[in-house]
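Just below is one structure, and these are the notes that go with it.
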Amino acid sequence: MLKSMTGFGRAEKNVGDKTFLVDIKSLNGKQFELQLKLPAFLKPFEFDIRRLLSEKLGRGSVDCMISLKDTGSSKPVTINTDLAKAYYKPLAELSAALNLDTSHILSTLVKLPEVITPSSETLTDKEWENFKDVLQLAIDNLNSHRLDEGKSLEEDLLIRITNILKQQDEVIKLEPLRQQKIREGITRLLEENVGKENYDGNRLEQELIYYIEKIDITEEQVRLKNHCEYFKTLLAESDESKGKKLSFILQEIGREINTTGSKAYDSTIQKCVVLMKDELEKAKEQVLNVL
């Protein structure tokens, strides 16, 4: 079972006389990175909100926006006079520079962030507990989306690994023919350049055995198959966070494919190696999105 790092979750719920809307978007990332936007009266709970998101989401580049919806009921408000004054000066200067009517500056000021805020500075303990339920619901929705994305990733990765194993089967079939072609090629060169009667056949056989052992790819094929099988086993495990493990295994698979290519000295096997590398790169791209 895989879980993607990509997903979206939303939750909306009334908490007392407030209606909270929580939107969470997640993309792939090496670590947990959070961009959090929340109303001023939730600032005292920012650390707890960040901790909850980190614990429940693991890795990923996460954007979380918490907003308070207007319910239409009248509420006491607080006007941040100092902030309004700070906004006013550059607005007035801009209006003067553009020869605009300054009579509408006030209506603009009250719409700017944090100029007018609800008078209640923070949530009560009960409201905070209820708000955590809203946040958890958005997280659950996001994780559900991640699981759906993870199913698609798992299917694609299985296809890539299966294709690599198919090409490996072709390499194994070609290996005896490759050794025979190398033997015949060296023998033919000696006969053409030295003469059939002018070299020691026993010594040639010894040298051929030594040379073929140096370029033997049997060990690489055994390790490659083992890595691919381990990759498939890890995909099936219940652990949700395994993107890094899968990435490490793909590195090992790549190492065996590269060594096979460097030892091949055979155009047909090289074609198989190229196809395996193509599938490997596609798998690496997909693993970047795995939690």
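Would you confirm whether any residue within segment 42-56 is in the same structural domain as ILE139 (by TED's automatic domain parsing), farther than 27 Å from GLY150 by Cβ and either in contact with a strand residue (DSSP E or B) (Cβ under 9 Å, 6 or more places away or on another chain) or in a loop (DSSP other than H, G, I, E, B) (or both)? It would help to see each step written out before you state the result.
So in segment 42-56, the residues in the same structural domain as ILE139 (by TED's automatic domain parsing) come out as 42-56.
Keeping just the survivors that are farther than 27 Å from GLY150 by Cβ gives 42-48.
Narrowing the set further to residues that are either in contact with a strand residue (DSSP E or B) (Cβ under 9 Å, 6 or more places away or on another chain) or in a loop (DSSP other than H, G, I, E, B) (or both) leaves 42, 46.
Looking through segment 42-56, at least one residue is in the same structural domain as ILE139 (by TED's automatic domain parsing), farther than 27 Å from GLY150 by Cβ and either in contact with a strand residue (DSSP E or B) (Cβ under 9 Å, 6 or more places away or on another chain) or in a loop (DSSP other than H, G, I, E, B) (or both).
Applying the selection to segment 253-291, what residues are farther than 23 Å from LEU153 by Cβ and among the polar types (S, T, N, Q)?
Of everything in segment 253-291, those that are farther than 23 Å from LEU153 by Cβ and among the polar types (S, T, N, Q) turn out to be ASN258, THR259, THR260, SER262, SER267, THR268, GLN270.
Does segment 59-73 contain any residue that is exposed (fewer than 15 other Cβ atoms within 10 Å of the Cβ), over 30 Å from SER238 (Cβ atoms) and among the β-branched types (Val, Ile, Thr)?
yes
Take segment 1-21 and flag every residue that is assigned to a strand (DSSP E or B) and touching a helix residue (DSSP H, G or I) at 6+ places or on another chain (Cβ under 7 Å).
At the first step, the residues of segment 1-21 found to be assigned to a strand (DSSP E or B) are 4, 7-15, 18-21.
The answer is SER4, GLY7, PHE8, GLY9, ARG10, ALA11, LYS13, VAL15, PHE20.
Of the numbered conditions (1) in a strand (DSSP E or B); (2) over 30 Å from SER247 (Cβ atoms), SER26 fails exactly one; give the number of that condition.
(2)
I'd like to check something: does segment 264-281 contain any residue that is surrounded by 21 or more Cβ atoms within 10 Å (Cβ to Cβ), touching a strand residue (DSSP E or B) at 6+ places or on another chain (Cβ under 7 Å), touching a residue at least 24 places away in the same chain (Cβ under 8 Å) and of a type outside the set (Lys, Arg)?
no
The values are calculated or read from the model by the stated rules, or taken from the named source; none is laboratory data. Keep in mind the model is a prediction, meaning the values are calculated, not measured. Neighbour counts are summed over all protein chains in view; Cβ atoms, including those assigned to glycine, are modelled from backbone coordinates with ideal geometry.
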